[in-house]
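These notes are about the structure you will find just below.
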């Protein structure tokens, strides 16, 4: 066995005192440090007045500081996960696709991963349901790693079926600190006066004319971005405790599984991003504040950790080869199955979930009485 494959085994074995790898990357707007950037906007919460809501997720604290979400954990996962569709990363994971209508959807593009409706109502549903239950009942993540390993890396919750949860092994988020909020106003002016020119009926409702672009349309005092006085930072964590919870069946090798998932997570941690997050929010690395990556232990001690993306990829390739990447598969979305579920009442669906959960708990209890506990590797 080569040294590269076993290099991190101390961190992956039960009893390790290593908690996580933590990366901090300072970013700045491509236009310059004091430039305006546009965070994502969200729907107004019911408890907030219309005039008080600008759409940004900003938390303000009693000491006058503030934190603004620039790219959420979920959004970062959705940006990073699809790299496994392209070369050279595509060979690290099984390529699972679902034909739906005239389209073909890669599981790596599904927002809820292995728990997404696109696969739950497909010909691959039984295999994925079984994989979730095997994890939930036995702590055995190997079946899921063979068909949807990124659902382990980036986390998944089968909330509509088995209720099985896999916490994120890798998470990343981008925040801006001590932000100043700006506003902007706009005014659309049509090229001609359609009413004066008798091109549209003057009696037409003004709001309707505006909606169709036949009249002036003011947009006053709306969100105009923020200036990050305290900087912009990406925080990424590779949770080694979560990896060590991954077990296999009695004939499996937990270490091979953990190396495989760790390798995929390392690729995600070190993968370069273009940080072109949305219109008005293009970021680059801050050269005056170098990135920091640390190995953190349970006692709180930290030590510098350096690993290039190329080295992370080489490790992931070795681990994938040793574990055995699952086969590529193509499933078919089943409109009939979807219609059958849609025809059920909400109460019927909940009852089915409760029955599934109870059966799962009963099976786990029986196994514990027989074997004296779960085999988590």
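The values are calculated or read from the model by the stated rules, or taken from the named source; none is laboratory data. Here the structure is a predicted model, which is why all the values come from computation and not from measurement. We place every Cβ from the backbone using ideal geometry, glycine too, and count neighbours over all the protein chains shown.
Considering the stretch 210-239, the residues that are at positive phi and in contact (Cβ under 8 Å) with a residue 60 or more places away in the chain include one that is surrounded by the fewest Cβ atoms within 10 Å (Cβ to Cβ), namely 231. Of everything in the stretch 91-121, what is without any contact (Cβ under 8 Å) to a residue 60 or more places away in the chain, in contact with a strand residue (DSSP E or B) (Cβ under 9 Å, 6 or more places away or on another chain) and in a helix (DSSP H, G or I)? Give them in sequence order. Passing the criteria: 107, 108, 113, 114, 115. Within the stretch 147-189, restricting attention to residues that are assigned to a loop (DSSP other than H, G, I, E, B) and surrounded by fewer than 14 Cβ atoms within 10 Å (Cβ to Cβ), the residue that is modelled with the lowest pLDDT is 189. The set of residues from the stretch 60-107 being surrounded by 21 or more Cβ atoms within 10 Å (Cβ to Cβ), within 22 Å of residue 144 (Cβ to Cβ) and within 15 Å of the chain's Cα centre (by Cα) comprises 76, 77, 81, 84, 107.
A search for C-beta distances below 6 Å between a residue of the stretch 271-295 that is part of a loop (DSSP other than H, G, I, E, B) and any residue that is surrounded by 15 or more Cβ atoms within 10 Å (Cβ to Cβ), counting only pairs 6+ apart in sequence or on different chains, returns 271/83; 275/283; 280/38; 286/26; 286/27; 286/28; 289/26; 291/25. Of all residues in the stretch 217-265, those satisfying the criterion of being under 25 Å from residue 317 (Cα atoms), in contact with a strand residue (DSSP E or B) (Cβ under 7 Å, 6 or more places away or on another chain) and modelled with pLDDT of 95 or more are 236, 237, 238, 239, 240, 241, 247, 248, 254, 265.
Being farther than 23 Å from residue 75 by Cβ and surrounded by 15 or more Cβ atoms within 10 Å (Cβ to Cβ) holds for only one residue in 298, 262, and it is 262. For the stretch 122-146, filtered to residues that are more than 18 Å from residue 242 (Cα to Cα) and in contact with a strand residue (DSSP E or B) (Cβ under 6 Å, 6 or more places away or on another chain), the residue that is surrounded by the most Cβ atoms within 10 Å (Cβ to Cβ) is 122. Residue 88 - would you say it is assigned to a loop (DSSP other than H, G, I, E, B) and modelled with pLDDT of 95 or more? So residue 88 passes the test.
Within the stretch 3-53, the set of residues being at pLDDT 95 or above, part of a loop (DSSP other than H, G, I, E, B), in contact with a helix residue (DSSP H, G or I) (Cβ under 8 Å, 6 or more places away or on another chain) and surrounded by fewer than 17 Cβ atoms within 10 Å (Cβ to Cβ) comprises 7, 13, 14, 40.
Here is a yes/no grid of residues against (1) surrounded by fewer than 11 Cβ atoms within 10 Å (Cβ to Cβ); (2) modelled with pLDDT of 95 or more:
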| position | (1), (2) |
| --- | --- |
| 303 | yes, yes |
| 309 | no, yes |
| 312 | no, yes |
| 320 | no, yes |
| 327 | yes, yes |
| 338 | no, no |
| 346 | yes, no |
